[in-house]
1. Can you name the residue in the range A:293-338 that is on the phi > 0 side of the Ramachandran plot and more than 14 Å from chain B (Cβ to nearest Cβ) and is also farthest from the chain's Cα centre (by Cα) among such residues?
2. Within the range B:305-338, how many residues are more than 19 Å from residue B:247 (Cα to Cα) and surrounded by fewer than 24 Cβ atoms within 10 Å (Cβ to Cβ)?
3. In this structure, is residue B:47 assigned to a helix (DSSP H, G or I), within 11 Å of chain A (Cβ to nearest Cβ) and over 26 Å from the mean Cα position of the chain (by Cα)?
4. Taking into account only those residues within the range A:200-254 that are part of a helix (DSSP H, G or I) and surrounded by 24 or more Cβ atoms within 10 Å (Cβ to Cβ), which is farthest from the other protein chains (Cβ to nearest Cβ)?
5. Could you grab me the full set of residues in the range A:362-375 that are modelled with pLDDT of 90 or more and not in a strand (DSSP E or B)?
6. Residue A:9 versus (1) within 8 Å of DNA strand D (Cβ to nearest atom); (2) part of a helix (DSSP H, G or I); (3) surrounded by fewer than 18 Cβ atoms within 10 Å (Cβ to Cβ): which is the lone unmet condition?
7. Determine if the range B:122-136 includes at least one residue that is more than 16 Å from DNA strand C (Cβ to nearest atom), surrounded by fewer than 16 Cβ atoms within 10 Å (Cβ to Cβ) and farther than 23 Å from residue B:382 by Cβ.
DNA sequence: AGATTTAGTTTGCATCTCGGACAAAAGCTG
DNA sequence: CAGCTTTTGTCCGAGATGCAAACTAAATCT
């Protein structure tokens, strides 16, 4: 822990002010005073410095009449132009790149439908580099005007070191993606687990605003786990992001079994392949269609197909129950593509959680399903970079904006 | 997060200084300057205040000649008399009470061999109250001279609220032990999970000094889990301590199964009872003897007995593997009574961990077995209370003392 | 037009840390 | 033994910060 000096003091309070402005949209100095419990003097001084640095801008228009009387409030908001960041999401079949402004609004995005899981890390880095350059240029910016880049990908990532230890989309291990991209693009670059980014995006912009503890479970070809604990992204001892796919379902003497081998899309499709013969074409080549067919048949009453999905849901529910026992989060967000939306998957999942939790934790966690667009990932990557720019001194992820007032409901989503 | 003002600044730095003094034994101001990276001026000012408050004392004796030349260093150390705290540990068959000084040294302790698991919470509180009064008085102190009391007990504890949600030693649920004891004794009282206290004691005084991440798994009649993560005791979202016994071993569709029903001493003895007929007397009444007999027979080659232990070890290993996947701690401390010391238990445990971990985490965690005396629990309770007295401003558990210099190897232990 | 009300700023003061000068206390040197 | 050297610890002034209170600004109310 850093020792305290006036500079740290200022950094902490400046962060609080920035955070309040980000969370509560256009906001006046008095309101910042209330939210942060800082004195008006301090708020005034800090906002003056932020205005001076052009990180925030005043909004003189007295659009909403506050309270009739008195001097009108000058609303302050983040300056969207204060910085630009790039978010990149690597999925097995697609690279998504987006440029966002200082408010986390996406200015331009770009999708490269490439099956990167059969490419080497170098090729992937080439593709990412090209994508970033193009996306930045299409957004009307220069690379030199970009303050940071964050790449999200599934697997085990050591963010601090900028190394991807292992990922389903990379053949190699211990890939130093962070340093590589930073060198290629001449811009600060970081990497993180994709689900961590999604969790951060939910915290900043999404459903989990204002919630300091929740889990995000993402089911795609691999299984991702993002944990927000005490307002912070939770990481293992070395800054490692945990991989839900590595969770074991049984003791080795009872057959063992990784969760990824049961509950991922890949595993489900492999299990279901015998029942899909003739219905869907070549299962491995067109997983989307195969999955759609599987769900259709299961929901239509096909017992074999339903059982495959139920087994996956139940296994995942079992793992989630153990996580709830550990973290006691008020909310668990299950996301993914088509599969997680199906009752044939979710019902067994919920049942398994309910059956596995001890009585004392039976009602603490609300499990919700949420389908994400590509947007969320890159938004998370942007938020991660912005977090650094805001200068959080002790590493706290800024909390989240509750919807408030007119025009504040721009980024929310429904379950 | 609290906003920063000069007071917080001072609190942070004072804590760093206190922490350095605690960790590095008698230490001079220059050394504190080195350890904390504070300026000599600041260290001087803070130590002067601490001396003024009698929290630390100077040691003028130039015992060890430092470097021949120059003004000799004035060594500073915690004042043992600065405060006294009481630690209490509730186990199913015993209450242990101890009085410790400001350095965490146990001045006096007292054991009440009572099977509290068949008593009501009120009776237990009576017993604890009597024990504390007696122990304090036997230590030659007044209750008014005690700065705080901490009670450790197995189960799910919500420390912040002072409530024990559920415990194997309490018949009731949601027992507000903290407030109750505070009212009875007129002294600040807190409660925590016993394993959390053990983890804290290991961190302050024991094997895990200097280690900021480790797990403690305690096997007794119930299964406890203590997690030290980033130098802090890890708690769930509401400040709940997790209970390892509530971990599930399989999905409900595959039979479910709580870990506590397989790997606790109680469960092992229940499983082994048929094989112990005639060898040990009445198993439930004399669990210690029955366990000893079980281990003896297992190690002598009795297949049935060995299998019971192996199953418990393997199940626990499975759970530990999943925890390692999540936390990636460099060390896992398995503790308990006789059972955990037996190879018939530990070997299957290690094997299960090795078989369950993904390759990327194969070597991160060192699993050690440690047998504890009652001492560790009350020491942890003392440390927990001292931590508050030290005034850690942002809630950090003070780190740990590396062995250094003469006579510094008093509290270590071997695996 | 003046009172009232609310927002934000300026002023004065206390606290903190820090760098550099300074005092203290020992050994070394001749 | 007196003076030099070395190391430790303290004092002083500068710089930065936050806060309370007085003050200015800008609107509505009467």
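1. If we filter the range A:293-338 for residues that are on the phi > 0 side of the Ramachandran plot, which is where we start, we get A:301, A:328, A:336.
Next, from what is left, pick out any that are more than 14 Å from chain B (Cβ to nearest Cβ): A:301, A:336.
Details: A:301: 35, A:336: 12 Å.
Top of the filtered list is A:301.
2. Residues that pass the stated criteria total 6.
3. Values: assigned to a helix (DSSP H, G or I): yes; within 11 Å of chain A (Cβ to nearest Cβ): no; over 26 Å from the mean Cα position of the chain (by Cα): yes.
The answer is no for residue B:47.
4. Initially, the range A:200-254 is screened for residues part of a helix (DSSP H, G or I), giving A:200-204, A:244-246, A:252-254.
Narrowing further to those that are surrounded by 24 or more Cβ atoms within 10 Å (Cβ to Cβ): A:200-204, A:244-246.
Numbers: A:200: 17, A:201: 20, A:202: 16, A:203: 14, A:204: 16, A:244: 9, A:245: 8, A:246: 4 Å.
Taking the candidates together, the pick is A:201.
5. A:365, the sole residue that qualifies.
6. That leaves (3) as the condition not met.
7. Within the range B:122-136, one or more residues are more than 16 Å from DNA strand C (Cβ to nearest atom), surrounded by fewer than 16 Cβ atoms within 10 Å (Cβ to Cβ) and farther than 23 Å from residue B:382 by Cβ.
Condition check ((1) more than 16 Å from residue B:220 (Cβ to Cβ); (2) free of Cβ contacts under 8 Å to residues at least 40 places away in the same chain) across all residues:
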position: B:335; (1), (2): no, no
position: B:344; (1), (2): yes, no
position: B:358; (1), (2): yes, yes
position: B:361; (1), (2): yes, yes
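The values are calculated or read from the model by the stated rules, or taken from the named source; none is laboratory data. Worth saying up front: this structure is predicted, and the values here are computed from it rather than measured. Glycine also receives a Cβ, built like all others from the backbone with ideal geometry; neighbour counts cover every protein chain displayed.
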